[in-house]
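J.: One structure follows; several queries about it will come next.
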Amino acid sequence: MLKKLLVTTMLVTAVAVPPAWGQMTQIGQVIITPAQSDEFVIEQLVSLYRSEPATYAESLAFLQAQRPYLVDRFNKLTLKGPAPRVSKPAATVAAAPEAAGGTAASRTTRPQPAGAAGKPTTATVYDRQASQQNNGLFIALGVLGLAAAAGGGGGGGGGGGGGGGGGGDNTPEPTPDNPAFFETAEYKRNFGLAQIKASTRYAAGGRGQNVKIAVLDGGIDLNNSEFAGKIDLANSKSYFPDPSVQDNDGHGTHVSGILAAARNAVGTHGVAFESQLVIFNGIPGEFDPDDSSEIFYADSLSRAADAGARVMNHSWGFGNAVRDITIADFADREELEAELEFLFGPEIFTAFETAKAANLLSVFAAGNKSQPDASFLGAIPVLMPEYAGYFLSVIAVDDANLPASFTTRCGIAKDHCLAAPGVNIESTKLGGSGSDNVVALSGTSMAAPHVTGAAALLISQWPELDSPTIANLLLDTATDLGAPGVDEVYGHGLLNIAKAVKPAGALMVYDGTSVTGPATPLAESAIVTSGAMEGALTAALTSREMIVGDRYNRGYAMAMDNLLVSGTQGPSASMMVETLNAATGLRMAGFAASGRAYGVVRDDFRTWYGDAKAVATSAGILDHSTLLEGGTTGQFGVSLGSGWDARMTATFSDEGSGRGDAFSVGLHGSGLIRASFGVGQMNEQDQVLGTAFQGASGRDGRALTNFVTLGAGATLGGSLDIDLQAVFGQTDFSQGGLVAGGRNMASSGGRLSISRPVPGLSGGRIGFNVSMPIVVTEGTLTVDMPVQRAAAVDGVASAAVLRSREDIEFQNDVQPVDVGMSFTLPIDGSRDFGLQLDGGYRIISGAESQPFFGIAFTRRF
């Protein structure tokens, strides 16, 4: 409020107010009478001002004398000043403070061009601030001292090139996936690139490729090598009488260089150095004509959208020599819309909608008058919330992340505002070439293109993202500065491209073909592998990539084998225990980790019941039923005579992550020379060979495994037992999720056990064991993966997720081998109580051997 009073006072002292006004007053061609309504008077005076800007002072004096309550409204509708002007937030030449008559970022004077008599010779810092009149609107294209810069050489010099070689350094050269690869002397010349961490984004693959950036400014140096082949001339346009988009004072060239100057080992390069530019020459500068077309803004927005631009840089704004128009100058939406229509005509609202439909993000410089609130153009969403995510404001900070002395703050536009480097920024020079192609300037004009270029980098990787998502990414991932959280100085904080490319929020796995459809948290998705499946899944999935999405639905590549979680806990004791000889009596085998088994073994029949692994150990079972987690097994056998018995085994499991059952029948021989044969089938739900699929990895699965078992044994010398077992199976399964099924998955396992009595220890035995746990060796796995987000089409974001369903044939060459010893001895000197110990190593090719130890107690009743 104080600033408004000060401005009004300055205006009053600038005009000679008549001592009295008659009953009828004529100002220009407008006649005003006391009977006319306030609305009519304001409408007439504003229209008069628009056609004859020189009448501003007389109109203002009339209102102050006759209708002072209308002064503020009149000033708002006429840009609040004697000569409201469009400003391009200014840039100061990098010079010593004393050479500029103060700080480099505050104020500098420029030579007045020939024929510009009567125009100010001083440009305050607000993007280009070279005062030029446009139908009564001074267009301040605030690059401070651009004319001086043009004649004074390349200002600043920054970055020093580097240094020379020396031999003896064997450090390998960084590759393009390493940020250091991009941190060249050219990169370092503009310290702003390092300040926003651009190299991290380049290493991730985003360099602005396939992105078109629109620039509404004062043109571009068409002959500068930094822009060779980068300008879309067919869609570019000048709004001055001269149809060329050639820059006349260097502001547009400097801004465009920050955006997209080539990476060519000369000078410096742009933030989005592989992007293309479409140039709109509509903001007058030092040496431009006095006016441009009134439709420059609305028309350039529509043309940018039609040209396929995704982001547009605006290093300009409206104001006068004292202040700029900020969003705080408007009480409500109605006032803002009236101002927009007054400045740009009713076409501006159609242009806004066109730009929105095309996902065109507009980035505006906040202003260079050290005001508390941002320029109104970049802050439009404050009063027109439907455009949130389509407009951003940018303030300028120095290399220490402190606000530049000239910069306007975010203020009430803080939710749509962030900070970027804008002090002594080195970029492309008008008329420059070779090593003399860089000049250092300051201003929010220089800060804005850092953000615009950053948006292009994100779009180059994620073209499917719409403008609000891109804008929110830039805002949400900015480095917090100043007061914690979003504040009225820095807004969201300093632009941080490195952070902007990292996944945000919980990562999700898309379950369907749209980001709007169901998705499962990656954190809840895993494949908990059994020993049988671990090697096979690793072999099948290692070379496959899928995508996961963050909270902005950006797709990030991830190797599918990252879903694998080993569920094995080392070798199983049941695989190592020797086959028990038939004996008469009731025996209980207890295992701390595996539960208990109860059995009756006689010459004419046998039966076992209990925990599946304990029964397998006690009854000598080696088949796929041992893979059922938490299963319960029952076995019944009956003698067939002649040393043979028939056995039927059933296993049920409803514990853990899945359910299943297994049945088998077999013939088993006894005696000094023996053999065995069996067939079986295992059904599983929600698991496959003991492997559990969680979350998005798999659901509602059904697996069927058919297996056969073979065995042979002999007793030599009446006491040395040798037993050999083998099992072979084939599994097919189907389910929903990433791993959609498998077929013809062959598996096998085996065991060799050699044991003999311990001399002098009644009932004691010692054994040597070699086990090959059941593993899947080959087969076909079917995966159904999200692999890509669909890109936007004609500027319209797509919600589609592209999926790939493929059959993967695999071979698993990883076969663990367990080698160990077993020792069985009676505890009380009889066979009623027994203790069995097992120990050894699991050997896996290419991996460190894993020791294991097992213990079992037996009791006979």
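J.: So which of ALA500, ALA471, ALA504 ends up being aliphatic (A, V, I, L, M), modelled with pLDDT of 95 or more and under 19 Å from ASP415 (Cα atoms)? Lay out the reasoning, then the answer.
T.: On the way: ALA500 fails: modelled with pLDDT of 95 or more; ALA504 fails: modelled with pLDDT of 95 or more.
Just a single option satisfies the conditions, and that option is ALA471.
J.: Right, something else. Within the range 380-452, which strands (runs of 3 or more DSSP E) (wholly inside it) include 3 or more residues that are over 27 Å from the mean Cα position of the chain (by Cα)? Don't jump to the end; show me each part of the working.
T.: Working: elements: 391-397, 417-421, 425-433, 436-441.
In the range 380-452, the matching strands (runs of 3 or more DSSP E) lie at 425-433, 436-441.
J.: Within the set of pairs 6+ apart or on separate chains, which have a first residue in the range 196-220 that is under 15 Å from TRP316 (Cα atoms), a second that is assigned to a helix (DSSP H, G or I) and open to solvent by 10 Å² or more (accessible area, probe 1.4 Å), and C-beta atoms under 9 Å apart?
T.: Pairs that qualify, where the first residue is under 15 Å from TRP316 (Cα atoms) and the partner is assigned to a helix (DSSP H, G or I) and open to solvent by 10 Å² or more (accessible area, probe 1.4 Å), are ALA214/ARG303; ALA214/ALA305.
J.: Just need a number here: residues in the range 672-703 that are over 29 Å from GLY637 (Cα atoms) and of a type in the set (S, T, N, Q).
T.: 4
J.: Checking the condition touching a Gly at 6+ places or on another chain (Cβ under 8 Å) and surrounded by fewer than 23 Cβ atoms within 10 Å (Cβ to Cβ), which residue from GLU226, GLU186 passes?
T.: On the way: GLU226 fails: surrounded by fewer than 23 Cβ atoms within 10 Å (Cβ to Cβ).
Going through GLU226, GLU186 in turn, just one is touching a Gly at 6+ places or on another chain (Cβ under 8 Å) and surrounded by fewer than 23 Cβ atoms within 10 Å (Cβ to Cβ): GLU186.
J.: Can you tell me how many residues in the range 534-557 are touching a residue at least 24 places away in the same chain (Cβ under 8 Å), more than 19 Å from ILE470 (Cβ to Cβ) and in a strand (DSSP E or B)? Before the answer, list the steps.
T.: The first filter runs over the range 534-557 and keeps only residues touching a residue at least 24 places away in the same chain (Cβ under 8 Å), leaving 534-541, 544-556.
With more than 19 Å from ILE470 (Cβ to Cβ) added as a condition, the list becomes 534-541, 544-546, 548.
Narrowing further to those that are in a strand (DSSP E or B): 545-546, 548.
Result for the range 534-557: 3.
J.: For the range 321-339, give me the residue count where each residue is outside any helix (DSSP H, G or I), open to solvent by 20 Å² or more (accessible area, probe 1.4 Å) and aliphatic (A, V, I, L, M). Steps first, please.
T.: Pass one, the range 321-339, residues outside any helix (DSSP H, G or I): 321-326, 330-332.
Among the residues that remain, those that are also open to solvent by 20 Å² or more (accessible area, probe 1.4 Å) are: 321-323, 331-332.
Restricting the remaining residues to those that are aliphatic (A, V, I, L, M) gives 321-322, 331.
The total comes to 3.
J.: Of ALA194, ALA198, which residue is among the hydrophobic types (A, V, I, L, M, F, W, C) and open to solvent by 10 Å² or more (accessible area, probe 1.4 Å)?
T.: Numbers: ALA198 fails: open to solvent by 10 Å² or more (accessible area, probe 1.4 Å).
Every option except ALA194 fails the conditions.
J.: Consider ALA262 carefully, then state whether it is aliphatic (A, V, I, L, M), free of Cβ contacts under 8 Å to residues at least 60 places away in the same chain, over 16 Å from LEU193 (Cβ atoms) and open to solvent by 10 Å² or more (accessible area, probe 1.4 Å). Spell out how you get there, then give the answer.
T.: Values: aliphatic (A, V, I, L, M): yes; free of Cβ contacts under 8 Å to residues at least 60 places away in the same chain: yes; over 16 Å from LEU193 (Cβ atoms): no; open to solvent by 10 Å² or more (accessible area, probe 1.4 Å): yes.
The answer is no for ALA262.
J.: Out of curiosity, is SER747 part of a strand (DSSP E or B), over 25 Å from PHE652 (Cα atoms), of a type outside the set (Asp, Glu) and in contact (Cβ under 8 Å) with a residue 60 or more places away in the chain?
T.: No.
J.: How about the range 668-700: which of its residues are under 39 Å from the mean Cα position of the chain (by Cα) and part of a loop (DSSP other than H, G, I, E, B)? Even if it seems obvious, please write down each step before you answer.
T.: Step one: list which residues in the range 668-700 are under 39 Å from the mean Cα position of the chain (by Cα), which gives 684-700.
Hits for the range 668-700 are ASP686, LEU689, GLY690, GLY698.
J.: Given the criterion within 24 Å of ALA532 (Cα to Cα), touching a residue at least 40 places away in the same chain (Cβ under 8 Å), surrounded by 18 or more Cβ atoms within 10 Å (Cβ to Cβ) and among the β-branched types (Val, Ile, Thr), identify the matching residue among THR824, THR777.
T.: Numbers: THR824 fails: within 24 Å of ALA532 (Cα to Cα).
Just a single option satisfies the conditions, and that option is THR777.
J.: Quick one: what pairs do we get from the range 44-61, first residue among the hydroxyl-bearing types (Ser, Thr, Tyr), second open to solvent by 10 Å² or more (accessible area, probe 1.4 Å) and at pLDDT below 80, C-beta under 6 Å, 6+ apart or different chains?
T.: That search, which allows pairs on different chains as well, returns THR55/GLY28; TYR56/PRO82.
J.: If you don't mind, another one. Scan the range 708-744 for residues that are closer than 15 Å to ILE673 by Cβ, assigned to a strand (DSSP E or B) and not hydrophobic (A, V, I, L, M, F, W, C) and jot them down.
T.: GLY711, GLY713, THR715, ASP721, ASP723
J.: For VAL509, are the conditions met, namely being open to solvent by 30 Å² or more (accessible area, probe 1.4 Å), of a type in the set (Val, Ile, Thr) and either touching a residue at least 60 places away in the same chain (Cβ under 8 Å) or not in a helix (DSSP H, G or I) (or both)? If you could, list the steps in order and put the result at the bottom.
T.: Details: open to solvent by 30 Å² or more (accessible area, probe 1.4 Å): no; of a type in the set (Val, Ile, Thr): yes; either touching a residue at least 60 places away in the same chain (Cβ under 8 Å) or not in a helix (DSSP H, G or I) (or both): yes.
Taking the combined requirement at face value, the residue does not satisfy it.
J.: Please verify whether ALA396 is touching a Pro at 6+ places or on another chain (Cβ under 8 Å) and either buried (at least 24 other Cβ atoms within 10 Å of the Cβ) or charged (D, E, K, R) (or both), treating the condition exactly as stated. If you could, list the steps in order and put the result at the bottom.
T.: Details: touching a Pro at 6+ places or on another chain (Cβ under 8 Å): yes; either buried (at least 24 other Cβ atoms within 10 Å of the Cβ) or charged (D, E, K, R) (or both): yes.
So ALA396 passes the test.
The values are calculated or read from the model by the stated rules, or taken from the named source; none is laboratory data. These numbers were taken from a predicted model, which means no experiment stands behind them. Cβ atoms come from the backbone with ideal geometry, glycine included; neighbour counts cover every protein chain shown. Heavy atoms of the whole protein, side chains included, go into the accessibility calculation; ligands, DNA and RNA do not. Shrake-Rupley method; radii C 1.70, N 1.55, O 1.52, S 1.80 Å.
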